[in-house]
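Below you'll find the structure, written out as structure tokens, and then a few comments.
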Amino acid sequence: MKRVVVTGMGIVSPLGNDLTSFWQALLLSKSGVRKLTKDHLQDSEHLEIKIGGTVEITTKDMEQLKYGKNKQNAMAFLASKMAMEDANWIPQTEDEKYRTGVFLGAVKSHLSPLLHVTHQIFKENFRIVPSEFYNHLNIFMTTSNVVTAYDIRGPTSAYGSACAAGQCSIAEGFNSIQDDDADVMIVGNADHGIHSYLLNGLNRLGALNRKYADEPEKASRPFDEDRGGFVAADGSGVLVLEEYEHAIKRNAKIYAELKAVSLCTESYHPTRPHLEGDGIFRTMETVMKRAGINPEDVGIIHTHGTSTTEGDSAEATAIGRLFPEPGPMIMGIKSNMGHMMAGVGGIQSAALILALKNGVVPPILNLKNPLKIGDRVLNYVMDKPREKEARFGITNNAGFGGLNCSLLFEKY
């Protein structure tokens, strides 16, 4: 069985657009959640909830794109470029290009230009359909921009599997290398969560936090008894996965080994998790079996931890069922940035990898009154970073529709 390692990482986030800034902000318990103004959304005055985690993208960033020149595609391209440069991997020969692949994507199309173009189509009574309409509509353009820029010819796809999409892309990249379809896979996702239509829609679903309009940095509080919904955010995280012998042969820097992946669907409810966390329980149990380790061997879990009432409770219940006390250290960086939906899988993975590599776990911001499962409080990292020399770590994602995904990394 081929081994798969991580040789590059790229981050575009509300905490910074490079690994160093991102990691230092986590250790210092900084927040990237802020009040939304007209600088972020021109129609922000129509929003009921005006907080979110924002990312700054310049016109120069947009100009690097060949297709669908919008913020979502730009974030994916920038994170991919950073990850490839970090890995020192730009395919040159024809064989290298055919043995390199890209799996990116998003939950949805970038809404602002899509809605603008749709308005123009209706205005013209469908007589004119601009050529850019398809480029903004198609989530494959996140992948296509990277493929075109670097003349990549290996396996490519775009994953739109809700908030688990980022980790699903990583899981499928892992499978492509193990199946010998590629030596190198650029994997992750992006999402533009700061849009008025999306924010108002999520608010109607009751998914967003309504309690901290005047203190936005306190709004995202995973596993706290005072949590009340998530905070939407922009972002993208991309990893370079590489076959181990290929990485060793070219003397590549190795961050961690991706040991196992697992996906499952609960088939329980379109937007709500199973109350006992059956899906997350199953994927965590499966990745440990596939990696040949026991629950006691896992030192850190990066939770999905969105700060929703039912979601956090279900995940905490699953962890409590599977891991004996005191259990792994629990981290959750959505407390610092909000929820980037499809874009969060790569960012979570990068944070977990850095925690394993550096032997320190960032605290969950705003966690003051931790959620209990019966009489048990999980091993949450609170208030300040904690040192932890862990060999194995798991990161979880879950998405609307009941999809769950867990990845298990080993420190290198």
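Yes/no per residue for (1) touching a Pro at 6+ places or on another chain (Cβ under 8 Å); (2) free of Cβ contacts under 8 Å to residues at least 60 places away in the same chain; (3) crowded, with 24+ Cβ neighbours inside 10 Å:
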position	(1), (2), (3)
GLN72	no, no, yes
LYS97	yes, yes, no
THR100	yes, no, yes
LEU104	no, no, yes
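Being under 30 Å from ILE90 (Cα atoms), polar (S, T, N, Q) and surrounded by fewer than 24 Cβ atoms within 10 Å (Cβ to Cβ) is a condition met by at least one residue of segment 168-175. VAL129 meets all of the listed conditions (1) farther than 25 Å from VAL184 by Cα; (2) modelled with pLDDT of 65 or more but one, namely (2). Of all residues in segment 152-163, those that are under 12 Å from the mean Cα position of the chain (by Cα) and either in a strand (DSSP E or B) or at pLDDT 95 or above (or both) total 0.
For GLU296, indicate whether it is in the same structural domain as SER196 (by TED's automatic domain parsing), outside any loop (DSSP other than H, G, I, E, B) and surrounded by fewer than 21 Cβ atoms within 10 Å (Cβ to Cβ). Considered against the rule, which asks whether it is in the same structural domain as SER196 (by TED's automatic domain parsing), outside any loop (DSSP other than H, G, I, E, B) and surrounded by fewer than 21 Cβ atoms within 10 Å (Cβ to Cβ), GLU296 comes out as no. The set of residues from segment 376-389 being in contact with a Leu (Cβ under 6 Å, 6 or more places away or on another chain) and of a type in the set (A, V, I, L, M, F, W, C) comprises just one member, MET382. Here GLY399 meets each of (1) at pLDDT 95 or above; (2) within 21 Å of the chain's Cα centre (by Cα) with one exception, condition (1).
Of the candidates TYR412, TYR380, the single residue that is within 17 Å of GLU296 (Cα to Cα) and more than 15 Å from the chain's Cα centre (by Cα) is TYR380.
To keep it simple, each residue is scored yes or no on (1) surrounded by fewer than 22 Cβ atoms within 10 Å (Cβ to Cβ); (2) hydroxyl-bearing (Ser, Thr, Tyr); (3) in a helix (DSSP H, G or I).
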| residue | (1), (2), (3) |
| --- | --- |
| LYS2 | yes, no, no |
| GLY8 | no, no, no |
| TRP23 | yes, no, yes |
| LEU26 | no, no, yes |
| SER29 | yes, yes, no |
| ILE57 | yes, no, no |
| SER80 | no, yes, yes |
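Can you say whether ILE248 is at pLDDT 95 or above, under 18 Å from the mean Cα position of the chain (by Cα) and among the β-branched types (Val, Ile, Thr), as far as the supplied structure shows? No: the conditions fail for ILE248.
Anything in segment 299-317 that is assigned to a helix (DSSP H, G or I) and within 18 Å of ASN369 (Cβ to Cβ)? List them, or say none. Answer for segment 299-317, where residues must be assigned to a helix (DSSP H, G or I) and within 18 Å of ASN369 (Cβ to Cβ): THR309, GLU310, GLY311, ASP312, SER313, GLU315, ALA316, THR317. When segment 263-286 is limited to residues that are among the aliphatic types (A, V, I, L, M) and modelled with pLDDT of 90 or more, the one that is surrounded by the most Cβ atoms within 10 Å (Cβ to Cβ) turns out to be ILE280. Apart from one condition, THR283 fits all of (1) out of contact with any Gly (no Cβ under 8 Å at 6 or more places or on another chain); (2) in the same structural domain as GLN178 (by TED's automatic domain parsing); the exception is (2). The set of residues in segment 187-206 that are touching a strand residue (DSSP E or B) at 6+ places or on another chain (Cβ under 9 Å) and either without any contact (Cβ under 8 Å) to a residue 12 or more places away in the chain or closer than 21 Å to HIS302 by Cβ (or both) comprises VAL187, GLY188, ASN189, ALA190, ASP191, GLY193. Each residue in segment 309-351 was checked for being of a type in the set (S, T, N, Q) and surrounded by 24 or more Cβ atoms within 10 Å (Cβ to Cβ), and 4 of them qualify. Checking each residue in segment 171-202 for being more than 21 Å from the chain's Cα centre (by Cα), closer than 30 Å to LEU407 by Cα and of a type in the set (S, T, N, Q) picks out only GLN178. When the criteria are applied in full, PHE77 fails the requirement of being touching a Pro at 6+ places or on another chain (Cβ under 8 Å) and within 18 Å of THR156 (Cα to Cα). For segment 337-372, the set of residues classified as in contact with a strand residue (DSSP E or B) (Cβ under 9 Å, 6 or more places away or on another chain), under 21 Å from SER313 (Cβ atoms) and outside any loop (DSSP other than H, G, I, E, B) consists of HIS339, MET341, VAL344, GLN348, PRO370, listed by residue number.
Residue selection: GLY166 fails the criterion of being assigned by TED's automatic domain parsing to the domain that holds GLU245, assigned to a strand (DSSP E or B), at pLDDT 90 or above and within 20 Å of the chain's Cα centre (by Cα). Of the residues GLY393, GLY320, the single one that is in contact (Cβ under 8 Å) with a residue 40 or more places away in the chain and in a helix (DSSP H, G or I) is GLY320.
The values are calculated or read from the model by the stated rules, or taken from the named source; none is laboratory data. Owing to the predicted nature of the structure, the values given are computational and were not obtained by experimental measurement. We place every Cβ from the backbone using ideal geometry, glycine too, and count neighbours over all the protein chains shown.
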